[in-house]
Amino acid sequence: MTPPHRLSPDARRRISDEPLHRITPDRLVQPVDVDLALPDEARAAVDALPGWYSHGRAAAVERIREGRRLGIEEFVVRISDSRPGPLQGRLDRQTAATALLVRETPPGTRCTVDPFSLALNPDGSWGIRADTGGIDVPATYALIRDTAAAVATTGAHGIVTLGRLPREVEHTRSGIASVDGSTRVYSFSQNSETSTAYVYLPPEHRDSGQKILPGNLPEMTLWALLDVFQGTQVSVTKPLENFHVTLDLVRHIQHRELLDRLFRTSLDDLVTPPGQASPPRPAEDVGQLLDALLADPDTLVKRLDRLTLYGYTVSGSTRALAHLAGADGTALARARLLESWTNWLAAADTPGSRIIDRNAAHYLADGVLGA
């Protein structure tokens, strides 16, 4: 076959033979799961994700070192502890483990903490349970502040907010400030109830009731902006395949008139399908945040100018790639992964944008997870 660059200009549609976006190690962020119930040097297979492991503390350090040798600079660490005990004790153990990872990994390593496991409930919701069965919101916000303060004392590069409660970014920032920390706030602001993420789990775990419904783009963009107003420094699109969500946020960052139009639109008009009655009123916190933003739009604009964008590939997508590799070969799975990453970078199209993906190290080592 004649190489495209040898074709005459009138015989092809392509204008450039150079890709605008290249996947390099510094654009990739490697997640690492740590289980404090494991012996330090051990690792345990995660049944739901072929080829994926939870690590003891020392094994996690070595996993990060392996990633650094491949050129990866940042790691998202999710620490769990299946041992029984009070919440404060689990938080203390997770803080100690975070401090060890920050201390023992190579200089220049950026460790970002995802505190997902601390208050995950069996039904998929997140937060401290109240006696009535719902979420104890004040106690959950107190946990968020305490966790952020604890993470900041370790010198961790970042901490993730989960996109579950209205003011979680504000309370995370408060916790970091309480210890004069410099830890950066990452947020799953547009976190959606995607079935891709947890399709392999029991049905009762698949809809937390807290996250945004897939396809509700105005709501996702609104929450991304409200989180930035509260102090988010890194907005993380989850799942990464929602390229349109990233692109819509970028459009609002670049075009002030879109911001003005969004904030002039009532919440009912934003979230109500045509011809349907208005939904139940949102939490009072939502209205208060909107009022505060409308009273101080300059703060939002200044923070948007400094915002960094990340994309996050959910576990269900990683599992599907492993099955694809098993059925049709590693080359097809790697091609699908590369195209997905490149398309998201094209949507973000901003300096410093990066991709969080369990496949990062495997891809750089010429493989794919689970194959």
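Largest first, the extents of the alpha carbon coordinates of segment 92-249 on the three principal axes equal 41, 40, 30 Å.
How much length is gained on full extension from GLN254 to PHE116, taking 0.36 nm per residue of separation minus their Cα-Cα distance?
46.5 nm
Over segment 48-203, what is the relative contact order in whole percent, taking alpha-carbon pairs under 8 Å and six or more residues apart?
Once normalised by length, the contact order is 20 percent.
Computing Rg and the Kirkwood Rh from the Cα coordinates of segment 93-162 gives a ratio, Rg/Rh, of 1.05. In the chain, the DSSP-assigned H stretches of four residues or longer account for a calculated mean residue ellipticity at 222 nm of -13500 deg cm²/dmol, using -39500 (n - 2.57) per stretch and the full residue count as denominator. Extension gain, ALA130 to GLU66: 0.36 nm times the residue separation minus the Cα-Cα distance gives 18.8 nm. Dividing the mean sequence gap of close Cα pairs (under 8 Å, 6+ apart) by how many residues the chain holds gives a relative contact order of 17 percent.
If the chain linking ASP17 and ASP298 were pulled fully straight, counting 0.36 nm for each residue of separation and taking away their Cα-Cα distance, it would gain 97.0 nm. If you compute mean projected area of the Cα convex hull in nm² for the structure shown, which of (i) 20.8; (ii) 19.1; (iii) 22.0 do you land on? Given (i) 20.8; (ii) 19.1; (iii) 22.0, the structure-derived one carries the label (iii).
Rank by packing, highest mean first: peptides 134-142, 146-154, 232-240, with packing defined as the count of other Cβ atoms within 10 Å averaged across residues.
Top of the packing list down: 232-240, 146-154, 134-142.
For the pair GLU104 and GLN88, label points projected 7 Å from Cα toward Cβ lie 2.7 nm apart. The share of Cα pairs per 10 Å bin across segment 5-44, counted from zero up to the longest distance, runs 19, 22, 18, 15, 11, 12, 3 percent. Computed from phi, the 3J(HN,Hα) profile of segment 161-171 under the Karplus parametrisation 6.51, -1.76, 1.60 (θ = phi - 60°) reads 9, 9, x, 10, 10, x, 10, 5, 5, 4, 6 Hz, with x in place of Gly and Pro.
Since every read-out is calculated from the coordinates, none of them should be taken as a lab result. Predicted, not measured: the structure shown is a model, and the values here were computed from it. FYI the Cβ positions are ideal-geometry reconstructions off the backbone, even for glycines, and counts take in every protein chain you see.
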